[in-house]
Amino acid sequence: MTDGLQVTLEFGGGAELLFGNIKKHEVTLPVDDTPWTIRSLLTWMKDNLLKERPELFIQGDTVRPGILVLVNDADWELLGELDYKIESKDTILFISTLHGG
Amino acid sequence: MPVLCSSKCGKNAILKRPKTGDALCKDCFFWAFETEVHSTIISGNLFKRGDTVAVAASGGKDSTVLAYVLKVLNERHDYGLNLVLLSIDEGITGYRDDSLETVKQNRDDYQMPLKILSYEELFGWTMDAIVAQIGRKNNCTFCGVFRRQALDKGATQLGVNCVATGHNADDLAETVLMNILRGDIARLQRCTSIITESETEGTIPRVKPLKYTYEKEIVMYAYFKRLVYFSTECVFAPNAYRGHARAFLKDLEKIRPSVIMDIIHSGESLQVKDNVKLPVRTQCSRCGSVSSQELCKACVLLEGLNRGLPKLGIGKSSLANRARDQQDAEKKEKVICDF
Ligand SMILES: [Zn+2]
Ligand SMILES: [Zn+2]
């Protein structure tokens, strides 16, 4: 057992360009007193993963409008959005709708 | 804890629909998505049996989904359409050459013939060459004007009955907004129509089967159907003004998803008073394209490029026009001197 929460972060639709053009990141989130949510994950991503132009991914405390979020292949709008409590082995996918036509 | 599909099929929902707020499972979503496009096609009378339809294919999400869903519906509802792909190669290294590979993949996956037309063969200029000459300030103007005309020419060469474009509801709302911001009454009136047929004979109508389809659903559809599309930003600076309009709409949509439909509805309902003078659409005297001027925009831009006066036809053109007149005058003088 490793310490921390293991999750898979995936990017598509051009969002991967902000993350070193890598579509899939396996990450371990450090153990914390409070449970991890998408809200805290976004802060963590901004500090640890986001390679360039953070304003194209994060706006305020949430994702920039036009970026879709799926947790285990389900729309985060069904799961409480920022308040969704992340579980071990979750796959969280960010797809940009803003690129190309 | 999973949410159940609103249609009571017993499966878990995967998506909340922006238009209705319904939670749908994958199969019910596919069905709803395709059925809505079908009803848009039927109620708008977009096609006739036996039509050859060119799908304007860029390799991006919208045209990829459009080509796929038209193929599905053509088979499911027996439209009797002959579908082909039409792509424009603007000549942008590192952008269009890659996305054309995606279009070729579509051609193979969907078994549709593909025609690629380049700016270079149509106009004698690639976008790379244009940008080398004019810089990155107005390149989107050139690209947009040339693309419109390139699609017309390609459609004529292919002999198709109409061109289907991938414009979605979000695009349309953005265009309505842009035309309001620019005060472009003529375009504002035209831009929401589902079939853009000009009064001038010989031009091929454009149809927008995805006119009422939200961008979110297009991207989700492509994702769950595992459709491959190309999503790299154009390497040249994007149109900043349009970018702001787009970001503004996305912000509004977050608060009130129906804003997209509402703006389209506003655009459709706007009536221009009879006493407002709209430009009369005729034919370009040089190339025969639809135009409200003696020369169409593409011909003016092309003339500017070829004469080394790239500002011709852009924005306040009086300065550029004066430069052209001066060139003409100098030429005349030269002719006189030669005698
Ligand atoms: Zn269902
Ligand atoms: Zn012309």
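What follows draws every value from the coordinates through simple rules; no lab data is involved. As the structure is a prediction and not an experimental result, all values here were calculated from the model. Note: ideal-geometry Cβ built from the backbone for every residue, glycine included; neighbour counts use all protein chains shown.
For chain B, give me the percentage of DSSP beta bridges that are antiparallel, rounded to the nearest 5 percent. Please list the in-between numbers first.
Values: 7 of 22 bridges.
Around 30 percent antiparallel, to the nearest 5.
What's the local net charge at residue B:167, with K and R +1, D and E -1, over the other residues with C-beta under 11 Å away? So the surrounding residues net to -2.
Taking a ≥ b ≥ c as the square roots of the Cα gyration tensor eigenvalues, with a/c under 1.5 meaning rounded and otherwise prolate when a/b beats b/c, else oblate, which class fits the range B:48-271? Spell out each step's value before the answer.
Working: a/c = 1.28, a/b = 1.05, b/c = 1.22.
Rounded is the answer for the range B:48-271, as its axis ratio a/c remains below 1.5.
Comparing A:78, A:68, A:48 along the charge dipole axis of the range A:43-101, the residue lying farthest to the positive side is A:48, per the Cβ-charge model.
About its Cα centre, how strong a charge dipole does the protein assembly as shown have in debye, to the nearest 20, once Lys and Arg get +1 and Asp and Glu get -1 at the Cβ? Intermediate values should be presented prior to the final figure.
On the way: 56 positive and 58 negative charges, 243 e Å.
Dipole about the Cα centre, nearest 20: 1160 debye.
Simple rule: put +1 on each Lys or Arg Cβ and -1 on each Asp or Glu Cβ in the range B:48-271, find the dipole, and look at B:95, B:155, B:249; the Cα lying farthest toward the positive end is B:249.
Using the Cα centre as the reference, give the magnitude of the dipole from point charges on the C-beta atoms of the range B:48-271 (Lys, Arg: +1; Asp, Glu: -1; all else neutral), rounded to the nearest 20 debye.
Values: 28 positive and 29 negative charges, 65 e Å.
Dipole magnitude for the range B:48-271 comes out near 320 debye.
Give the relative contact order (percent, whole number) for the range A:10-75; include only Cα pairs under 8 Å separated by 6+ residues. Can you show the working numbers first?
Values: 40 pairs, mean separation 18.5, N = 66.
RCO, the range A:10-75: 28 percent.
Could you tell me the distance between the Cα centroids of the range B:146-160 and the range A:20-53, to the nearest Å? Centre-to-centre distance over Cα atoms comes out at 47 Å. The three principal axes of the Cα atoms in the range B:16-112 give end-to-end lengths of 42, 35, 22 Å, sorted in falling order.
Taking Cα atoms, how many degrees apart are the long axis of helix A:38-48 and the longest axis of chain A, rounded to 10 and kept between 0 and 90? For helix A:38-48, the angle is close to 80 degrees.
May I ask for the net charge around residue B:112, where only other residues with Cβ less than 15 Å from the Cβ of residue B:112 are counted and Lys, Arg are +1 while Asp, Glu are -1? Don't skip to the end; give the middle numbers.
Values: positive: B:71, B:104, B:107, B:115; negative: B:51, B:75, B:108, B:109.
Summing Lys and Arg as +1 and Asp and Glu as -1 gives 0.
For a test of the definition: using alpha carbon positions, the gyration tensor, and the 1.5 limit on a/c, classify the range B:90-132 as rounded, prolate or oblate. Verdict is oblate for the range B:90-132. Under the membrane-span-like helix rule (DSSP H runs whose alpha carbons stretch at least 18 Å along the helix axis, mean Kyte-Doolittle hydropathy -0.5 or higher), chain B yields B:26-43, B:61-76, B:139-158, B:169-182.
Using a 10 Å cut-off around each Cβ, can you sort B:53, B:280 from fewest to most neighbouring Cβ atoms?
B:280, B:53
Each of B:229, B:29, B:55 was placed along the dipole of the protein assembly as shown (beta-carbon charges, centred on the mean Cα), and the one lying farthest toward the positive end is B:55.
Ordering B:152-158, A:64-70, B:250-256, B:170-176 by mean Cβ neighbour count within 10 Å, with the highest value first, yields B:170-176, A:64-70, B:152-158, B:250-256. In terms of its C-alpha gyration tensor, the range A:5-96 comes out rounded, because the ratio a/c of the largest to the smallest axis stays below 1.5. When A:81, B:294 are sorted by how many other C-beta atoms sit within 10 angstrom of their C-beta, beginning with the fewest, the order is B:294, A:81.
Averaged over its residues, how many other protein chain Cβ atoms are within 10 Å of peptide B:15-22's Cβ atoms? Could the numbers behind the result be given before it?
Values: counts 7, 6, 2, 1, 0, 0, 1, 0.
Other-chain Cβ atoms within 10 Å of each residue's Cβ, averaged: 2.
What's the magnitude of the charge dipole for the range B:75-153 around its Cα centre, counting Lys and Arg as +1 and Asp and Glu as -1 at the beta-carbon? Answer in Debye, nearest 20. Write out the running numbers ahead of the final one.
Working: 10 positive and 13 negative charges, 76 e Å.
Dipole size: approximately 360 debye.
Determine, for B:55, B:84, the number of other Cβ atoms within 10 Å of each Cβ, and report the residues in order from fewest to most.
Values: B:55 27, B:84 20.
Taking fewest neighbouring Cβ atoms as first place, the list is B:84, B:55.
What is the sum of charges around residue B:121, taking Lys and Arg as +1, Asp and Glu as -1, for the other residues whose C-beta is under 11 Å from the C-beta of residue B:121? With Lys, Arg at +1 and Asp, Glu at -1, the neighbours total -1. Identify all lysines with a Cα-Cα distance to residue B:153 below 16 Å; exclude those on the same chain that are fewer than 8 residues away in sequence. Hits, sequence-local ones excluded: B:115, B:297. When the alpha carbon gyration tensor of the protein assembly as shown is reduced to an equivalent ellipsoid, its three semi-axes come out at 43, 26, 21 angstrom, largest first.
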